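Trainee: Sharing a structure here in structure tokens format.
The values are calculated or read from the model by the stated rules, or taken from the named source; none is laboratory data. Note that this is a predicted model, so its numbers are computed, not measured. As a convention, Cβ positions derive from the backbone with ideal geometry for all residues, glycine included, and neighbour counts pool all protein chains shown.
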Amino acid sequence: MEQSIISVKHIVKIYKMGDFEVHALRSITLDINKGEFVAIMGASGSGKSTFMNIVGCLDTPTSGEYFLDGIEVAKMDRDELARLRNKKLGFVFQSFNLLPRTTALENVELPLLYSNSISSSQRKEKAMEALNAVNLADRAHHYSSQLSGGQQQRVAIARSLVNDPVVILADEPTGNLDTRTSVEVMEIFQKLNERGITVTLVTHEMDIAQYAERNVVFKDGKISRLVKVEARKIASEELLKIPILEEELDS
């Protein structure tokens with residue numbers, strides 16, 4: 001029997017705007033299994049971002065149940081959510097969110113600064129391991145401005161790994177990248193998923209969603225479709241089909 005790492009049951013989210021109520025999520029029930037790779041899809045306003053915010057412990061539901069790795073989340077207060085988020089989850093964003101005057105290594109170290117149980121040398125060692133996992137150890141001491149968009153996103157992925165999360169949540173991780181770099185980033189996600197990390201990403205691009213094992217499609221605050229990806233794309237194979245441009249050789 002497969003084990004759910006994310007389990008939401010009848011999740012409702014209502015935002016009050018003056019005298020009006022906006023029903024962002026309408027009784028969402030979904031299980032994401034340990035080690036699964038899922039793409040969350042849907043038009044703007046469909047509820048997918050609200051769902052990801054709740055799954056990422058960045059927001060709380062109006063009603064319903066949420067269990068993350070067996071821990072009941074829905075009733076936690078802000079401090080408890082922050083601790084759980086730092087321990088269990090890694091985040092990757094479309095805009096990278098790197099500190100500009102900071103090296104790749106220092107950016108990756110940031111989540112570890114909140115831990116009193118790890119020394120400075122241990123922090124650097126773990127950060128280097130994470131950079132190595134995304135094939136960027138040779139850029140550890142480069143500043144963000146010295147890195148290409150694809151390299152910056154790999155730093156962001158390394159940062160999401162450094163706390164050994166059980167789930168990586170990625171919000172439009174390829175939105176600012178060209179085709180080849182997008183495929184390279186999806187290759188990293190697939191390799192991390194092969195290591196047993198659960199990957200859940202939001203995307204509006206059908207091509208990107210095909211790298212996942214399952215697509216969850218939102219519409220009007222509800223799940224409209226659950227689609228198993230039969231002809232799943234394998235990023236390493238797709239890269240062979242994309243020619244390398246001359247200007248990429250210098251990056």
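Trainee: Give just the number: which of (1) at pLDDT below 95; (2) assigned to a strand (DSSP E or B); (3) within 20 Å of the chain's Cα centre (by Cα) does Cys57 not satisfy?
Mentor: Checking Cys57 against (1) at pLDDT below 95; (2) assigned to a strand (DSSP E or B); (3) within 20 Å of the chain's Cα centre (by Cα), the one that fails is (2).
Trainee: Give just the number: which of (1) without any contact (Cβ under 8 Å) to a residue 60 or more places away in the chain; (2) outside any loop (DSSP other than H, G, I, E, B); (3) not charged (D, E, K, R) does Ile28 not satisfy?
Mentor: Result: Ile28 passes all but (1).
Trainee: Conditions first: (1) buried (at least 17 other Cβ atoms within 10 Å of the Cβ); (2) part of a strand (DSSP E or B). Gly35 passes all but one, so which condition is the exception?
Mentor: It fails just one condition, (2).
Trainee: Step by step: first the residues of the range 150-187, then only those that are assigned to a strand (DSSP E or B) and either free of Cβ contacts under 8 Å to residues at least 40 places away in the same chain or not small (Gly, Ala, Ser) (or both), then the one that is surrounded by the most Cβ atoms within 10 Å (Cβ to Cβ). Which residue is that?
Mentor: Of everything passing the filter in the range 150-187, Leu169 is surrounded by the most Cβ atoms within 10 Å (Cβ to Cβ).
Trainee: Considering only the range 66-86, state which residues are charged (D, E, K, R) and loosely packed, with under 15 Cβ neighbours inside 10 Å.
Mentor: Glu72, Lys75, Asp77, Arg78, Asp79, Glu80, Arg83
Trainee: Sort out which residues of the range 87-109 are surrounded by fewer than 16 Cβ atoms within 10 Å (Cβ to Cβ) and modelled with pLDDT of 90 or more, and write them in order of number.
Mentor: Matches in the range 87-109: Thr102 only.
Trainee: With the requirement that a residue be farther than 23 Å from Val185 by Cα and either without any contact (Cβ under 8 Å) to a residue 40 or more places away in the chain or buried (at least 20 other Cβ atoms within 10 Å of the Cβ) (or both), what does the range 55-65 give you?
Mentor: Correct list: Cys57, Leu58, Thr60, Pro61.
Trainee: Another question, if that's okay. Restricting attention to the range 189-225, report how many residues are more than 22 Å from Leu177 (Cβ to Cβ) and under 14 Å from the mean Cα position of the chain (by Cα).
Mentor: Total satisfying the criteria: 1.
Trainee: Restricting to the range 129-149, give me the number of residues that are more than 24 Å from Asp207 (Cα to Cα) and in a helix (DSSP H, G or I).
Mentor: 11
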